[in-house]
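Notes follow once the structure below has been shown.
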Amino acid sequence: MNKVKIKDWFAFFAPRFLCLTLVLGLLIRIVLILHPVTVVDWGWVDWLKIFGLGFLNDLAFTAIALVPAFVFYSFLTDDRYKKPFLWIFWGAFLLLTLYVLFFNDITDEYGGPLPDIVNGVLILLAVCLTIKTFVPSVRKKWRTAAIWIMMMVYACCAITIAFSEIVFWSEFGVRFNFIAVDYLVYTNEVIGNIVESYPIVWMVLAMLLVAGAICWWMVRGKDISGSGIGSWRQWGVSLAALALACGLGYGWLHYGYRHFGGENLFATQIQENGCWDFLEAFVSNELDYEQFYAMIPQDEAVALQQRMSGQNTEGLQVVRDSLPALKKNVVLITVESLSADFLTRYGSEDGITPNLDALLDKSLVFDNLYATGNRTVRGLEAVTLCIPPSSGESLVKRPDCSGFISTGQVFRDNGYRTSYIYGGDSYFDNMGTFFGACGYEIVDKKTYDKEAIAFANIWGTSDEDSYREALARYDASWAAGEPFFSHIMTISNHRPYTYPENRIEYDGNPMSRRAAVKYTDWAIGDFLSKAASKPWFSETVFVIMADHCASSAGKTSLPLDCYHIPALIYAPGFIEPAYIDKVCSQIDVLPTLFSLLHFSYEAPFYGQNVLDPSFRERAFMATYQDLGYYADGVLTVLSPVRRIQQFDVVRHDGWQYEENPREEPSGAVLQEAQAFYQTANLAY
């Protein structure tokens, strides 16, 4: 039988893939309606929305999803092998490859295997292009194989997403949201859970078989071996049609998508498109607290939280000190990934923090302090806003991160110059935008003296470079008669664990976490030694604490020993050394410092002065989903799908913890946890 020859691949593939996604979208909605989780109690208008608006939502997203296919289609033409286009194409591709291989790019900022994957793909593409350029006879078969692979990728993605949405609905009763984004963050744990929970090998084989059958059905009776761009005129028509469809689709999804929801959550969720929900969650970084967490009456929550936080009915801490404020300079150092157990006092036998170990006996030490999260942005949020962690991503990374009353604002109200010093690019994790919106002067590696940088890796400059830059700026502020508050974020204790040579002696792998900790400790000691020779040293308070622990993995989602961090306030001749054993949080350190400086201020802080005799011992800690509250020896964990767990915590062997689950969560501690997190999440 003579096969029909396909000349224009995109014009052939796009409508067929559109039909596939619309059929799958319809099937998903039917399955979700029939699912045991779903409560069907809506009217005929909701039925129309589910299938009518659902059709439009799937249609709009598919138009956007076809963009990568169009890019692939644009390179199917043999014209790229003709001169001079060949040399232009090769030159551009070579420059891109060299840049990615030998210079810093966005993939390097995120570390892990991603840079290696990108490098490998580029090298593979270079080899393929070379073969096709100099061996023209292979192009036809190569093109056929590439088209099949592209169709298989699209078909597999469509089938995988459909299956994943049903599984996700079974557990959470909603379409994709920030929890799904969270799953991408914890890839190892998620893959392990899937492997243990499902016959993954058979599922993958079944998916490939179904995808292959779909692709075969598409091309049956067709000859795609000569397919490509039918003509540049046809390419232009396809481009114009796709651009119009994408514009209309994006406009609908971005501006009209949320305007037709009803009171019934199930009906609203079923009519939506899960892929678009995922993208929205990825961009917004939010997890709707009211939708996913157990709530108590809002008036009760507000009253309890305000009483516990020392706020008035307007939600402000009104702090009035009887003594005049002491305008001491303040240097806050948040140290990357410094677990408490790296220090000798908290169990280490390695001796990798001699400077910090020696500093403890000269400082006011928070012995029993816990990080609010397991990411740098959580620590930054805690010390800057003094609030419990939010569900979803930290406020630091959210698009609308302005208008906050911060600790920096308290300093500025007292006449201070405030700055944020970071050895990397401040665009990373949205730090520059956040601190800029909070009124800080941003000092990052772009503003450093390039000639003086001692060392830099993919993340940024070494710790000592940040300290050198800080010293110069403190000298300038002192000379100008301006008190300064400066927040330094360190980098060196971060993979790939590289730092300047000849700074430390370490028996073992010099590119290891513990070696990096030893260098970080050395840099702190070197900084304080140089600062001690400055005229402003005696008028300066140094606050040193970790942003989070080196690891947060444990038997439970919130293992306390993986949130225990060191924190101290050092000011010789001003602050008496002491060890505070009270359970407290990162959000309490700056309010405690404010009391030592006799500051008066008004702010919506939850953090409080730990030295106050009436201080309520408690700590906050969170992942993206689980929100923990530790008080009275009980750890309460609030999770999505309104799940609540409580653990009786037993401390033993110094700073190790055993968490024993309770059968039923209850008690005043539970109400406190709900009040704190409910009010913080709804307010911010």
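Taking residues in the range 297-313 that are modelled with pLDDT of 95 or more, and partners anywhere that are part of a helix (DSSP H, G or I) and open to solvent by 50 Å² or more (accessible area, probe 1.4 Å), the pairs with Cβ atoms closer than 7 Å and at least 6 places apart or on different chains are 304/671. Considering only residues that are at pLDDT below 95, surrounded by 19 or more Cβ atoms within 10 Å (Cβ to Cβ) and under 13 Å from residue 391 (Cβ atoms), which ones fall in the range 640-679? If the condition is that a residue be at pLDDT below 95, surrounded by 19 or more Cβ atoms within 10 Å (Cβ to Cβ) and under 13 Å from residue 391 (Cβ atoms), then 640 is the only one that fits. Apart from one condition, residue 151 fits all of (1) modelled with pLDDT of 75 or more; (2) open to solvent by 40 Å² or more (accessible area, probe 1.4 Å); the exception is (2). Here is a check on your reading of the model: is residue 230 modelled with pLDDT under 75, closer than 26 Å to residue 12 by Cα and open to solvent by 20 Å² or more (accessible area, probe 1.4 Å)? Yes, satisfied. Under the condition of being closer than 13 Å to residue 94 by Cβ, open to solvent by less than 60 Å² (accessible area, probe 1.4 Å) and either of a type in the set (Val, Ile, Thr) or out of contact with any helix residue (DSSP H, G or I) (no Cβ under 8 Å at 6 or more places or on another chain) (or both), the residues counted in the range 119-145 number 2. Against the numbered list (1) closer than 27 Å to residue 396 by Cβ; (2) open to solvent by 30 Å² or more (accessible area, probe 1.4 Å), residue 623 comes up short only at (2).
Taking the range 569-592 as the range and being in a strand (DSSP E or B) and open to solvent by 10 Å² or more (accessible area, probe 1.4 Å) as the test, the residues that pass are 570, 578, 579, 580.
Scanning the range 469-512 for residues that are of a type in the set (Lys, Arg) and either at pLDDT below 90 or touching a strand residue (DSSP E or B) at 6+ places or on another chain (Cβ under 9 Å) (or both), we see that the one that is farthest from residue 332 (Cα to Cα) is 495. For residue 557, the conditions (1) over 23 Å from residue 353 (Cβ atoms); (2) over 27 Å from the mean Cα position of the chain (by Cα) all hold with the exception of (2).
Selection of the range 164-180 for residues being surrounded by 18 or more Cβ atoms within 10 Å (Cβ to Cβ) and in a helix (DSSP H, G or I) yields 165, 168, 169, 172, 178, 179, 180.
Filtering 575, 580, 587 for residues that are closer than 21 Å to residue 486 by Cα, in contact with a strand residue (DSSP E or B) (Cβ under 6 Å, 6 or more places away or on another chain), modelled with pLDDT of 95 or more and among the aliphatic types (A, V, I, L, M) leaves a single hit, 575. Among the residues of this structure, residue 503 does not count as one that is under 24 Å from residue 380 (Cβ atoms) and of a type in the set (D, E, K, R). Checking each residue in the range 612-639 for being charged (D, E, K, R) and under 20 Å from the mean Cα position of the chain (by Cα) picks out only 626. Considering 218, 207, the condition of being at pLDDT 85 or above and touching a Lys or Arg at 6+ places or on another chain (Cβ under 7 Å) is satisfied by 218 alone. Taken over the range 41-71, the criterion of being surrounded by 15 or more Cβ atoms within 10 Å (Cβ to Cβ) and of a type in the set (Val, Ile, Thr) is satisfied by 50, 62, 64. Just so you know, in the range 286-311 the residues that are under 26 Å from residue 400 (Cβ atoms) and open to solvent by 40 Å² or more (accessible area, probe 1.4 Å) include one that is nearest to the chain's Cα centre (by Cα), and it is 286.
Kindly evaluate residue 558 against the criterion of being assigned to a loop (DSSP other than H, G, I, E, B) and open to solvent by less than 10 Å² (accessible area, probe 1.4 Å). So residue 558 passes the test.
Right, residue 510: assigned to a loop (DSSP other than H, G, I, E, B), touching a residue at least 40 places away in the same chain (Cβ under 8 Å) and more than 30 Å from residue 625 (Cβ to Cβ) or not? When the stated conditions are applied, residue 510 does not pass them. Residues in the range 382-411 that are open to solvent by less than 20 Å² (accessible area, probe 1.4 Å) and not in a helix (DSSP H, G or I): 386, 387, 388, 389, 390, 391, 392, 393, 394, 401, 406. Of all the listed residues (102, 51), the sole one being among the aromatic types (Phe, Trp, Tyr), farther than 27 Å from residue 231 by Cα and at pLDDT 80 or above is 51.
Only residues that are in a loop (DSSP other than H, G, I, E, B) and open to solvent by 10 Å² or more (accessible area, probe 1.4 Å): list them for the range 427-445, please. Hits for the range 427-445 are 427, 439, 440, 445. The one condition from (1) open to solvent by 50 Å² or more (accessible area, probe 1.4 Å); (2) free of Cβ contacts under 8 Å to residues at least 60 places away in the same chain that residue 537 does not meet is (1).
Cβ separations smaller than 9 Å between residues 6+ apart or across chains give the following pairs from the range 385-405 residues that are among the acidic types (Asp, Glu) to residues that are in a loop (DSSP other than H, G, I, E, B) and modelled with pLDDT under 80: 393/285; 393/287; 393/624.
The number of residues in the range 448-484 that are of a type in the set (D, E, K, R), free of Cβ contacts under 8 Å to residues at least 24 places away in the same chain and surrounded by 13 or more Cβ atoms within 10 Å (Cβ to Cβ) comes to 1. Candidates in the range 28-40 are the residues that are over 18 Å from residue 277 (Cβ atoms) and modelled with pLDDT of 90 or more; of these, the one that is most open to solvent (accessible area, probe 1.4 Å) is 34.
Just so you know, in the range 214-236 the residues that are within 15 Å of residue 144 (Cβ to Cβ) and assigned to a helix (DSSP H, G or I) include one that is farthest from the chain's Cα centre (by Cα), and it is 219.
The values are calculated or read from the model by the stated rules, or taken from the named source; none is laboratory data. Model, not experiment: these values are computed from the prediction. Virtual Cβ from ideal backbone geometry, glycine too; neighbours counted across all protein chains shown. Ligands, DNA and RNA are stripped out before the accessible areas are found, and what is left, the full protein with its side chains, is counted by its heavy atoms. Shrake-Rupley method; radii C 1.70, N 1.55, O 1.52, S 1.80 Å.
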